[in-house]
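**Q** Got a structure for you, questions after.
The values are calculated or read from the model by the stated rules, or taken from the named source; none is laboratory data. Just so it is clear, the structure is predicted and the values come from calculations on it, not from any experiment. Don't worry about glycine lacking a Cβ; one is built from the backbone with ideal geometry, like all the others, and counts go over all protein chains shown. These area figures cover heavy atoms from the full protein model, side chains too; ligands, DNA and RNA do not enter into them. Shrake-Rupley method; radii C 1.70, N 1.55, O 1.52, S 1.80 Å.
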Amino acid sequence: MNHETAVSNAKDFADRILAPAARQNDKEARFSAEAIAALGPAGLLGVMLPAEVGGAGLGPRTLAAVVANLCGSRCISRDGYLMHVCATATIASARRGAAVAQTLKDISAGKHLSTLAFSEAGSRSHFWAPVSRAKRNAAGVHLVLQEIMGDQRGHAQSYVVSALSPEGKSPTESTL
């Protein structure tokens, strides 16, 4: 996929899928799982992921044009789509073990929605000062999460979270 194809797919997607349901979804403040599911076959969930994991390997210019075509209704919020793209970029920057590689392939194939989960109750939306905490246990580390807020809560297959480090003493001693 190139820039022109991605932008054309986004425009077609917005006209065919988003526009007909926009008014009702906006009225009901409804998250459209159907619209999200349709993003995958349109090739838009992995638009910035590298080609070696099945993504389009396109950059910020394309992303900006795709977002401009998709935003404007609760069918798919601009912030929700950007949160997915930012979360996938974070996952793509992780060490490539089997689980990460498979997740990236699933995102590129349109089978996996991810999101940033940085807005949590008690943090006042200050993602750099998380309320959630990573704690060590015999198996490694587990997360004690506060309530996560956002459009995609309960709809995403993965969440990129920021949490206070296990040994962290201040809110700015966090980890992803």
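**Q** Quote the FRET efficiency, to the nearest 0.05, computed for Arg23 versus Cys86 with a Förster distance R0 of 35 Å and r equal to the Cβ-Cβ distance.
**A** On the way: r = 28 Å, r/R0 = 0.81.
With a Förster radius of 35 Å, E is 0.80.
**Q** Separate question: Compute the length gained on full extension between Ala99 and Glu52: take 0.36 nm times their separation in residues and subtract their Cα-Cα distance, giving the result in nm to one decimal.
**A** On the way: separation 47, 0.36 × 47 = 16.92 nm, distance 1.52 nm.
Working it through step by step, the gained length comes to 15.4 nm.
**Q** Mind giving me the nanometre distance, one decimal, between the label points for Lys135 and Asp15, set 7 Å out from Cα along Cα→Cβ?
**A** It works out to 5.4 nm between the two label points.
**Q** Rounded to the nearest whole Å², what accessible area per residue is found for the range 1-70 with the 1.4 Å probe? Kindly include the intermediate steps, with their values, before the conclusion.
**A** Values: 3520 Å² over 70 residues.
Per-residue value: 50 Å².
**Q** Rounded if a/c is under 1.5, else prolate if a/b beats b/c, else oblate: with a ≥ b ≥ c from the C-alpha gyration tensor eigenvalues square-rooted, which is the range 28-67? Present the calculation step by step, with values, prior to reporting the outcome.
**A** Working: a/c = 3.62, a/b = 1.73, b/c = 2.09.
Judged from the Cα gyration tensor, the range 28-67 comes out oblate (a/c at least 1.5, b/c at or above a/b).
**Q** Could you derive backbone 3J(HN,Hα) for the range 16-30 from the dihedral phi with the Karplus parameters 6.51, -1.76 and 1.60 (θ = phi - 60°), listing whole Hz in sequence and x where the residue is Gly or Pro?
**A** 7, 9, 6, 4, x, 9, 4, 4, 5, 5, 5, 4, 8, 6, 9
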